[in-house]
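The values are calculated or read from the model by the stated rules, or taken from the named source; none is laboratory data. This structure is a prediction, so every number in the text was calculated from the model and none was measured. Glycine gets a Cβ as well: all are built from the backbone with ideal geometry, and neighbour counts include every protein chain shown.
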Amino acid sequence: MESLTLVKLEPLNLHWINESDDNAEDLCFHGNVVFGVDDVIFVDPSHGDLTLSASGLFLLRTLELPHSVDAPVSEDNQLFPHCGFTVWPAEVYKGESAFSVVIPGCDRGVDLRIDRSPGIVTVSDYSGRARTCSESDWRSAVLGFAQRIEDFYDSSPKRAEPPDELAQIGWNAFWAEWRSRKAEFAAPG
């Protein structure tokens, strides 16, 4: 009998900056995360306040790509970043990039390695703990996390317009990439 893998990926304590119920100027939202595979918890509330909107996009990228220090899906940030200073169009921020946007951050946060092989995803931290799960379990967990983020945005008061044209381009690219990746992987198969 095949054993079942439990992937828990849950955003908690969702809020805008400074733990407010609303801050119309804040375009990305924050909170805590519980993330584990089977008996290994990789991220928990003791890791502090994280930028969950950035984490959501980075995790959506792992539905297609592996993530490591050498080949990150979170250029200039961690997979679960503490900060997401802004959302820049990649061509303006870095020039050549595999992604449409870059969300630079600070040196705090939680970075993990996500390896992919046919039908299997392996999550590991840099201390050597690792667990595997099926690609379908990973997809379900990541899409559920992304949906919780969208639900939070949808239930919040309208956000202020980004402060300048460059920021607007960045946020438009953020949501375009988000929706495209979510739609691609939400389809059965």
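Brief remarks follow.
Table: residues versus (1) among the basic types (Lys, Arg); (2) surrounded by fewer than 14 Cβ atoms within 10 Å (Cβ to Cβ); (3) within 21 Å of LEU12 (Cα to Cα).
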position	(1), (2), (3)
GLU96	no, yes, no
PRO104	no, no, no
VAL110	no, no, yes
SER117	no, yes, no
THR132	no, no, no
ARG139	yes, no, yes
PHE145	no, no, yes
ARG148	yes, no, yes
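Quick grid of which residues meet (1) over 25 Å from GLN168 (Cα atoms); (2) at pLDDT 80 or above; (3) out of contact with any Lys or Arg (no Cβ under 8 Å at 6 or more places or on another chain):
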{"site": "LEU12", "(1), (2), (3)": "yes, yes, yes"}
{"site": "LEU27", "(1), (2), (3)": "no, no, no"}
{"site": "GLY36", "(1), (2), (3)": "yes, yes, no"}
{"site": "PHE42", "(1), (2), (3)": "yes, yes, no"}
{"site": "LEU79", "(1), (2), (3)": "no, yes, yes"}
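- Subset of the stretch 1-10 [at pLDDT below 75 and not polar (S, T, N, Q)]: MET1, GLU2, LEU4
- Residue check for SER127: over 18 Å from the mean Cα position of the chain (by Cα), exposed (fewer than 15 other Cβ atoms within 10 Å of the Cβ), among the hydroxyl-bearing types (Ser, Thr, Tyr) and more than 17 Å from PHE174 (Cα to Cα): yes
- Any chance VAL87 is surrounded by 15 or more Cβ atoms within 10 Å (Cβ to Cβ), closer than 14 Å to TRP171 by Cα and at pLDDT 90 or above: no
- Residue list for the stretch 60-84, filter: over 20 Å from SER127 (Cβ atoms) and in contact with a Phe, Trp or Tyr (Cβ under 6 Å, 6 or more places away or on another chain): LEU63, VAL73
- Residue in the stretch 112-125 that is β-branched (Val, Ile, Thr) and touching a Pro at 6+ places or on another chain (Cβ under 6 Å) present: yes
- The stretch 154-171, residues that are at pLDDT below 90, farther than 14 Å from PHE85 by Cα, surrounded by 15 or more Cβ atoms within 10 Å (Cβ to Cβ) and of a type outside the set (Gly, Ala, Ser): ARG159
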